[in-house]
Amino acid sequence: MQNPVLPPPVRPFLKWPGGKYRLVDRIRSALGAGRRLIEPFAGSGAVFLNTNYGHFIVADSNLDLIDLYTRLVNAGNELIEASRELFQPETNQSARYYALREEFNGTRHSRRRAALFIYLNRHCYNGLCRYNASGGFNTPFGRYRRPHFPELEMRGFIARAQHARFMQAGFEESMALARHGDVVYCDPPYTPLSRTAHFTDYHTGGFDWKDQERLAQLAQGLASRGIQVVISNHDTVATRALYSTAGARIEGFTVRRLISCDIRRRDRVGELLAVFD
Ligand SMILES: C[S@@+](CC[C@H](N)C(=O)[O-])C[C@H]1O[C@@H](n2cnc3c(N)ncnc32)[C@H](O)[C@@H]1O
């Protein structure tokens with residue numbers, strides 16, 4: 001735990017499935033002291049926004065996400081004004097949503113793309129960031145009564161990002177930057193809960209079991225050089241076996257999670273933190 005007196009949690013400005021905003025206290029208490037935090041699977045940045053390291057590497061394989069962060073930090077006011085225009089009653093309609101989604105998929109203009117990405121994130125179904133085989137954003141309209149324009153959260157992000165380096169990269173590339181004195185927090189796409197423990201060749205969101213194994217190996221390698229790595233995942237027989245074989249300490253807990261499309265159905269599911277140190 002690097003700082004016992006922390007301000008109230010900073011909310012990410014993006015909705016992000018698997019976002020760790022509600023788990024930051026638990027994650028913070030598993031993370032050790034260090035000079036710099038590396039987040040190879042940064043997503044909405046909930047952990048980076050809520051930890052007090054001197055420097056950060058905020059990395060993710062999603063290019064739209066990292067381009068948005070870079071633009072926000074370099075030209076925040078301009079981007080906030082460009083996206084504000086997209087949060088109007090007229091733009092919260094199905095036909096406009098699909099027209100703006102098409103514009104996003106067709107434009108190379110980076111400020112417009114960044115503004116549209118914020119719009120899509122807050123107006124699409126559940127904040128899901130999903131692409132078709134040709135790379136087009138294809139999440140359907142979300143039908144929210146009045147999507148929140150996250151100006152304060154964007155300003156909070158800019159304030160926290162002064163000591164952050166943003167990079168679009170696969171986890172191998174960002175983890176390769178780790179040096180003595182760094183701490184690494186990994187939040188990969190989770191393994192499905194519904195598979196049996198022995199079924200390890202499935203594919204999920206482009207991140208398959210081989211990737212989970214490679215990540216555990218990299219974590220083990222960094223820990224052997226004195227660099228702490230903490231990994232989040234579902235708590236399953238397979239993930240426990242994977243991380244404990246690689247030498248990690250496991251902290252299991254349960255969280256209430258929406259597990260079906262029915263928003264009244266929130267069940268408790270098991271998650272874990274695997275601590276390699
Ligand atoms: C569970 S989410 C992370 C959520 C994040 N901790 C938060 O609080 O918002 C997983 C992230 O991993 C990214 N990702 C998927 N495959 C990746 C890969 N091979 N390398 C790096 N990032 C990847 C996704 O784009 C996604 O943002």
Margin query: What's the total number of residues in the stretch 48-68 that are within 12 Å of the ligand (Cβ to nearest atom), outside any strand (DSSP E or B) and closer than 18 Å to I27 by Cβ?
Written below: 4
Check: Would it be correct to say that S44 is surrounded by 18 or more Cβ atoms within 10 Å (Cβ to Cβ) and touching a Pro at 6+ places or on another chain (Cβ under 8 Å)?
Finding: yes
Checklist line | Conditions (1) within 11 Å of the ligand (Cβ to nearest atom); (2) assigned by TED's automatic domain parsing to the domain that holds R108; (3) of a type in the set (K, R): number failed by K15 | finding: (2)
Notebook entry, point to check: Looking at (1) surrounded by fewer than 21 Cβ atoms within 10 Å (Cβ to Cβ); (2) more than 15 Å from the ligand (Cβ to nearest atom); (3) more than 14 Å from F157 (Cα to Cα), which is the only condition R71 fails?
Noted result: (3)
Note to self: Being among the β-branched types (V, I, T), farther than 28 Å from A178 by Cα and modelled with pLDDT of 90 or more is the filter here; which residues of the stretch 244-277 pass it?
What the structure shows: T254, V255, V269
Margin query: Of everything in the stretch 159-181, what is within 17 Å of the chain's Cα centre (by Cα) and under 15 Å from R11 (Cβ atoms)? Give them in sequence order.
Written below: R160, A161
Note to self: Between S94, S83, which is over 17 Å from the mean Cα position of the chain (by Cα) and either in the same structural domain as V183 (by TED's automatic domain parsing) or loosely packed, with under 13 Cβ neighbours inside 10 Å (or both)?
What the structure shows: S94
Notebook entry, point to check: What's the number of the condition R146 fails, among (1) surrounded by 12 or more Cβ atoms within 10 Å (Cβ to Cβ); (2) assigned by TED's automatic domain parsing to the domain that holds G76; (3) touching a residue at least 40 places away in the same chain (Cβ under 8 Å)?
Noted result: (1)
Notebook entry, point to check: Considering the stretch 22-47 alone, what residues qualify as being near the ligand (Cβ under 9 Å from one of its atoms) and either aliphatic (A, V, I, L, M) or without any contact (Cβ under 8 Å) to a residue 12 or more places away in the chain (or both)?
Noted result: L23, V24, I27, A42, A46, V47
Next item on the list: Among the strands (runs of 3 or more DSSP E) lying completely within the stretch 135-248, list those that include at least 1 residues that are more than 26 Å from R122 (Cα to Cα) and within 15 Å of the ligand (Cβ to nearest atom).
Entry: 182-186, 228-234
Next item on the list: Take N121 and decide whether it is outside the structural domain of L37 (by TED's automatic domain parsing) and under 21 Å from the mean Cα position of the chain (by Cα).
Entry: yes
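The values are calculated or read from the model by the stated rules, or taken from the named source; none is laboratory data. Values in this document were obtained by computation on a predicted structure and should not be read as measured data. Backbone-built Cβ (ideal geometry, glycine too); neighbour counts: all protein chains shown.
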